[in-house]
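Derivation of every value follows stated rules applied to the coordinates shown; laboratory data play no part. Small disclaimer: the values here were computed from a predicted structure and weren't measured. Heads up, the Cβs are rebuilt from the backbone with ideal geometry, glycines too, and the neighbour counts pull from every protein chain shown.
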Amino acid sequence: MLRVVPPEVIRPLSVKLPLSKSIANRLLVIRFLADGSIYCDEPDCDDTRIMHSLIRQLITLPDSNVFDAGDAGTVFRFMAALLAVTPGTRLLTGSPRMLLRPVGPLVDALTKLGVNIEYQGSPGFPPVKINGGSLYGGSIRIDSSVSSQFISALMMIAPTMKHGLELILEGETVSLPYIQLTASLMRENGINIETDLPFIRIYPGAYQFVNTGIEGDWSAAAFWYALAAMKPGNSIALSGLKRGSAQGDRAVADMFRYAGVNSLWNGDNLVLQHQPVGSAEICIGFKETPDLFPAMVAACAGRGCGAEFTGLSTLRIKESDRIEAMLEGLSRLGYRAYSPSPDRMVLIPGKVSKEPCVISSHADHRIAMAFAMLSVKSGPLIIDCPEVVSKSYPAFWDHLKDAGFVLESC
């Protein structure tokens, strides 16, 4: 456990953000499909490290028959598609939490395309046994209301299919910017793809891998936006981000204007500045950018404003049920909030005084980081599993110390 003691004043700070794991994991798949090799940039977080390790296993130990994605949802879904077009029979499994995260729409789609996949536990959930090989492709419908990762996984393997692939998205599509990110990276690497929603058409072809590097992670920036929203003082400079990024979470800059944060580019750095005036009542939808939810909840709670958050359905099947995890932590700190329906949460202004307490991260990196930032308003607190931040942001605690936080193991 880690005791987090916030500073009175935030030090002048320049933060080098971690690389985008969304981009890194997609490029790992694309590079393998391009020439059977592995993308060489050194992974800097757990999710990318797992993806890197499994593709290396596929290259160096082609006869191995068990692949473990741990608790990395993106990795599991991308690997399921990749193994479906790789000859051989293999078991794809994961952590206990992963076995509770749905994969039914992806498995159904691959089955329609001719892949022999068998559930090894509860239907609709991992683990799965995949008998991979060449696919003809064609046109299929897929439920896009559960996870955009199912769509991205199918898109990336589609060029290997003899007739390409037409996807017809059904239901209310969630996290659309991630689908658009996948399409953008595929185009950059030589694939002809049309997105005319609800239709996505990918033509057969060979990837021509172009190593343009990996930019910083906008979802990691969200936690520094939260800190800037709650704490006046010195500006925070973020490096590694790309102007005009294809990452959907770049919307954090517009979103946090409502919470009193101005951001401006100074050369290659994005500088965050606290503004004392923000919206007294905030209503924000997260259907397209669910990873920004924990940081924004923390910022609104810390600023003492009322808020309604919508479009939260996918947050219940992340590394934790993030709605319940945030509600629990807010209650322990004296904030009032409730969830009137499965995809909504309401935050009531104000806070009652409570003694310092232990916050459960629910083994979720974004929950741990959100409450660490909220400590600047709630006072010192204890995070139960501080190591979980390595999933996306291994240097997070070091960067907090640079900002003036005191961290004590307990």
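Which of these values of Cα extents along the principal axes in Å was calculated from the structure shown: [x] 211, 54, 37; [y] 61, 46, 39; [z] 58, 46, 34?
[y]
Structure shown: which of K287/K377; K287/K318; K162/K318; K21/K242 lie over 24 Å apart, alpha-carbon to alpha-carbon?
Details: K287/K377 28 Å; K287/K318 14 Å; K162/K318 34 Å; K21/K242 14 Å.
Pairs exceeding the cut-off: K287/K377; K162/K318.
Take the Cα pairs of the stretch 35-83, get the Kirkwood Rh, then feed it into Stokes-Einstein at 20 °C and 1.002 mPa s and tell me D in µm²/s.
Details: Rh = 11.1 Å.
Answer from the Stokes-Einstein relation: 192 µm²/s.
Could you give the dipole magnitude of the chain about its Cα centre, charging the beta-carbon of Lys and Arg +1 and that of Asp and Glu -1, in debye to the nearest 20?
Details: 37 positive and 40 negative charges, 66 e Å.
My answer is approximately 320 debye.
What value, in deg cm²/dmol to 500, does the helix sum -39500 (n - 2.57) over DSSP H runs of n ≥ 4 give at 222 nm once divided by the residues of the chain?
Details: 12 runs with 135 residues, N = 410.
It comes out at -10000 deg cm²/dmol, rounded to the nearest 500.
How much length is gained if the chain between V5 and V346 is pulled fully straight, taking 0.36 nm per residue apart and subtracting their Cα-Cα distance, in nm to one decimal? It would help to have the intermediate numbers written out before the result.
Values: separation 341, 0.36 × 341 = 122.76 nm, distance 2.75 nm.
Gain on stretching V5 to V346: 120.0 nm.
Positive end of the charge dipole of the chain (Lys, Arg +1 and Asp, Glu -1 on Cβ, about the Cα centre): tell me which of T89, L347, M79 has its Cα farthest that way.
Working it through, the farthest residue towards the positive pole turns out to be L347.
Ranking M326, M156 by Cβ neighbours within 10 Å, fewest first, what do you get?
Working: M326 30, M156 25.
With the fewest neighbours first, M326, M156 line up as M156, M326.
Determine the shape class of the stretch 100-239: with a ≥ b ≥ c the square roots of the Cα gyration tensor eigenvalues, call it rounded for a/c under 1.5, and otherwise prolate if a/b is greater than b/c, oblate otherwise. Mind showing how you got there, number by number?
Values: a/c = 2.33, a/b = 1.59, b/c = 1.47.
Taking the square roots of the gyration eigenvalues as a ≥ b ≥ c, the stretch 100-239 is prolate.
Please identify which residues in the stretch 1-42 have an amide N closer than 20 Å to a label point set 7 Å out from the Cα of L264, following the Cα→Cβ vector.
12-15, by backbone N distance to the label point.
Note the full-extension length gain between K16 and T212 as 0.36 nm times their separation in residues minus their Cα-Cα distance, in nm to one decimal.
On the way: separation 196, 0.36 × 196 = 70.56 nm, distance 1.87 nm.
Working it through step by step, the gained length comes to 68.7 nm.
Based only on other Cβ atoms within 10 Å, what is the fewest-to-most ordering of F78, F223, F125? Intermediate values should be presented prior to the final figure.
On the way: F78 25, F223 28, F125 18.
The most exposed by this proxy come first: F125, F78, F223.
Put +1 on the Cβ of each Lys and Arg and -1 on the Cβ of each Asp and Glu in the chain; which of V128, A395, A158 then has its Cα farthest toward the positive end of the dipole?
Going by the Cα projections, it comes out as A395.
Mark the label point 7 Å from the Cα of E281 along Cα→Cβ and return the residues of the stretch 293-314 whose backbone N is within less than 19 Å of it.
297, 300-311
Any idea which of C410, Y203, A226 is furthest toward the positive side of the dipole for the chain, if Lys and Arg beta-carbons carry +1 and Asp and Glu beta-carbons -1?
It is A226.
Just want the ordering: V9, V75, from fewest to most Cβ atoms lying within 10 Å of their own Cβ.
Values: V9 11, V75 31.
By the 10 Å Cβ count, ascending: V9, V75.
Restricting to the stretch 21-202, compute how many DSSP beta bridges are antiparallel as a %, nearest 5. Working shown, then result.
Values: 17 of 26 bridges.
The antiparallel proportion sits near 65 percent.
Under the classification rounded if a/c is under 1.5, otherwise prolate if a/b is larger than b/c and oblate if not, where does the stretch 21-202 fall, given a ≥ b ≥ c as square roots of the Cα gyration tensor eigenvalues? Spell out each step's value before the answer.
Details: a/c = 1.32, a/b = 1.14, b/c = 1.15.
Because its axes are fairly even, with a/c under 1.5, the stretch 21-202 counts as rounded.
Find out how many positive minus negative residues lie around G302, taking Lys and Arg as positive, Asp and Glu as negative, among other residues whose Cβ is under 11 Å from that of G302. Provide the component values of the computation, followed by the final result.
Working: positive: K231, R303, K351, K377; negative: none.
Within the 11 Å Cβ shell, the charges total +4.
Considering only DSSP beta bridges where both residues belong to the chain, give the percentage that are antiparallel (nearest 5). The partial results should precede the final answer.
Details: 42 of 62 bridges.
Taking every DSSP beta bridge within the chain, about 70 percent pair in antiparallel fashion.
Using a 7 Å offset from the Cα along the Cα-to-Cβ direction at both R187 and E408, what is the distance between the two label points in nm, to one decimal?
In this crude spin-label approximation the distance works out to 5.4 nm.
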